[in-house]
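The values are calculated or read from the model by the stated rules, or taken from the named source; none is laboratory data. These numbers come from a predicted model, not from an experiment. FYI the Cβ positions are ideal-geometry reconstructions off the backbone, even for glycines, and counts take in every protein chain you see. The area values use the complete protein model at the heavy-atom level, side chains included, leaving out ligands, DNA and RNA. Shrake-Rupley method; radii C 1.70, N 1.55, O 1.52, S 1.80 Å.
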Amino acid sequence: MVGVIITLIASVAFGREEIGTWVQHIRPTAVHKLLENISPEGTVAGTVVASPSRNHPDYFYHWIRDAGLVMDVVVSLYEKEKDPQTKQRLEKVIFDFLDLTKRQQQMPNLSGGVGEPKFLVDGTPYMGPWGRPQDDGPAIRAFVYAKLANIWINEGKEWLVRERLYDGTWYSVAKVDLEYVSHHWRNTCVDLWEEVRGHHFFTRMVQRRSLLEGAELARRMGDNAAADWYESQGHAMSAEIERHWDSHRGYIQTTLKWVDGIPYKRSGLDTGVILGVIHGQTKYPLFTETDGRVLATVHKIREAFKNIYVINHQGHRGVALGRYPEDRYTGYGDGEGNPWFLTTHAVAEVLYRAARGFERMGRIEVTTENLKFFQSLNMKDAWPGKIYSYDKNPHGFGTAVARMQQLADDYMAVSQFHMDDHGSMAEQMNR
Ligand code: NOJ
């Protein structure tokens, strides 16, 4: 309730309705375009193409990570859908994906496990040279199963969970991925941008989530020994993930223990970290959105990207963000890296979530870690130890929260400006 009131006051005071209205307006188009990339013509059912583009660049493949993140959205749509026919259509999409996954899990491939990152649209593994394995993919799939299982159980369809996701046999779709994650998270792998081998914050955050939520699924299905194992491995990951905080540089390092890959990624500052925060949350808090170390990273990212893209100097609202400052990938080959829609959205999302998190707590404490972030919001009295609280100084508290939301809106305004007239978003915007 407190949150609602503050949001209302803040929205009126800071003129925030405009981005909210726009988001409502484009939402159906976004959903439509997302679904268009699932099982398009010429592909085997359950395929999620990264893009309809087939030549410049050729993205007409099924990436396990991309597919998992898309299915995460589809499952959320499915859960909320009230219209029985649409719900059934979404269920079919989910079933197709599960059937394809089950087949792909058992196909021999060059990774020698379920960490194979990329499949052809006929369902078979890509056999050319590639950065493999990428162990975020099976982890993302696994937390999607856990979410889906909870939905089905709440709808009284536990039988469907047993039939489709988890019956305890080694070959049930959820168990294959959970076994893989729980036995491989100590190994290095290739990162979400497919360029560096090492230990990655994003990969580790989604692996941890999959294990902790997968453990609950296993327990609900009576597979207690497996549940204990997944849970112990999930908790064991937390200390390893903590090491990514670089107090010296003041941000979360994307990769530890670099093994090989592109040599020019020096800073370790990366929006992939923010995606890890978003997709890695569980009921056991770790690097949450309100964590000062996350906000410090958000701040450093903005500072780094503000100056490197021409489009950030043309007087438009907001700052467009890329993957990482040293990026050279253009989609076609090497050149000068560009801003991306999804990374700009990720930072917006983490800020919306942080604002909501603070609203729930009714309190913001300024620390040495988040200080620069709050100072950048023009909170002039921000200093370590300062507390903005809903009870004691509602004005200061409301202003801090509203400015975070405003900053998030500014990032969304970048997309509003750069998306095409039909609501399409390419992977990148020309810098
Ligand atoms: C390149 C991105 O870096 C990677 O994350 C993604 O999986 C592929 N494109 C396909 O969309």
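Some notes on this structure:
- Extension gain, Asn307 back to Asp83 (0.36 nm per residue minus Cα-Cα distance, nm): 75.9 nm
- When the pairs Lys92/Lys157; Lys87/Lys283; Lys87/Lys147; Lys82/Lys157; Lys118/Lys265; Lys82/Lys147 are compared against a 21 Å limit on Cα-Cα distance, Lys87/Lys283; Lys118/Lys265 fall above it.
- Among 141-150, 277-286, the peptide with the highest mean count of other Cβ atoms within 10 Å heads the list, and the full ranking is 141-150, 277-286.
- For the peptides 304-315, 125-136, the ranking by packing is 125-136, 304-315, with the highest mean count of neighbouring Cβ atoms within 10 Å listed first.
- Three-way shape call for region 238-365 based on the alpha-carbon gyration tensor, with the a/c threshold at 1.5: oblate
- Carbon/sulfur fraction of accessible area - region 209-276, other protein chains in place, 1.4 Å, %: 52
- Extension reserve of the Trp258-Thr330 stretch, reckoned as 0.36 nm per residue once the Cα distance is removed: 23.6 nm
- The sum of -39500 (n - 2.57) across all DSSP H runs of n ≥ 4, divided by the residue count of the chain, sets its helix-only mean residue ellipticity at 222 nm to -17000 deg cm²/dmol.
- Short-range pairs are left out: with C-alpha atoms under 8 Å and at least six residues apart, the relative contact order of region 197-296 is 37 percent.
- A crude spin-label estimate for the pair Ile151 and Asp72, with each label 7 Å from Cα along the Cβ direction, gives 1.4 nm.
- As a length-normalised measure over Cα pairs under 8 Å and 6 or more apart, the relative contact order of the chain settles at 13 percent.
- Note on Ala239 and Ala45: the model spin-label points, each 7 Å out from Cα along the C-beta direction, lie 4.8 nm apart.
- Probe 1.4 Å, all protein chains present, accessible-area order of Asp191, Asp260, largest first: Asp260, Asp191
- For Lys300, the aspartates and glutamates whose Cα falls under 18 Å of its own Cα, not counting residues fewer than eight places away in the same chain, are Asp246, Asp270, Glu289, Asp291, Glu326, Asp327, Glu349, Glu369, Asp410.
- Residue among Met71, Met412, Met221 with the largest mean-square fluctuation in a Gaussian network model of the chain, springs linking Cα atoms under 10 Å: Met221
- The order of Glu81, Glu163 by accessible area, most exposed first and with a 1.4 Å probe, is Glu163, Glu81.
- The overall shape of the chain, judged from the alpha-carbon gyration tensor, is rounded, with an a/c ratio under 1.5.
- For the chain, the membrane-span-like helix rule (DSSP H, alpha carbon extent of at least 15 Å along the helix axis, mean Kyte-Doolittle at least -0.5) picks out 2-14, 17-36, 64-80, 136-154, 173-184, 201-220, 292-306, 341-361, 394-418; this says nothing about an actual membrane.
- Relative contact order of region 347-404, pairs being alpha-carbon contacts under 8 Å that are 6 or more residues apart, as %: 38
- Heavy-atom accessible area with a 1.4 Å probe sorts Leu35, Leu77, largest first, into Leu35, Leu77.
- Distance between modelled label sites at His248 and Ser267, nm, 7 Å Cα→Cβ extension: 1.8
- Gyration tensor verdict on region 30-71 (Cα atoms; rounded if a/c is under 1.5, prolate if a/b is larger than b/c, oblate otherwise): rounded
- Placed amide H near Asp246: partners under 5 Å, 5+ positions off or other chain: Tyr251, Ile252, Gln253
- Dipole in debye (nearest 20) - region 207-319, about Cα centre, beta carbon charges: Lys, Arg +1; Asp, Glu -1: 520
- Assuming charge only on the beta carbon of Lys and Arg (+1) and of Asp and Glu (-1), the dipole of the chain about its Cα centre is about 800 debye to the nearest 20.
- Farthest positive-ward along the chain dipole, Cα basis, beta-carbon charges - from Met127, Pro52, Ala408: Ala408
- Protection proxy ranking for 342-350, 264-272, using the average of other Cβ atoms within 10 Å per residue and placing the highest first: 342-350, 264-272.
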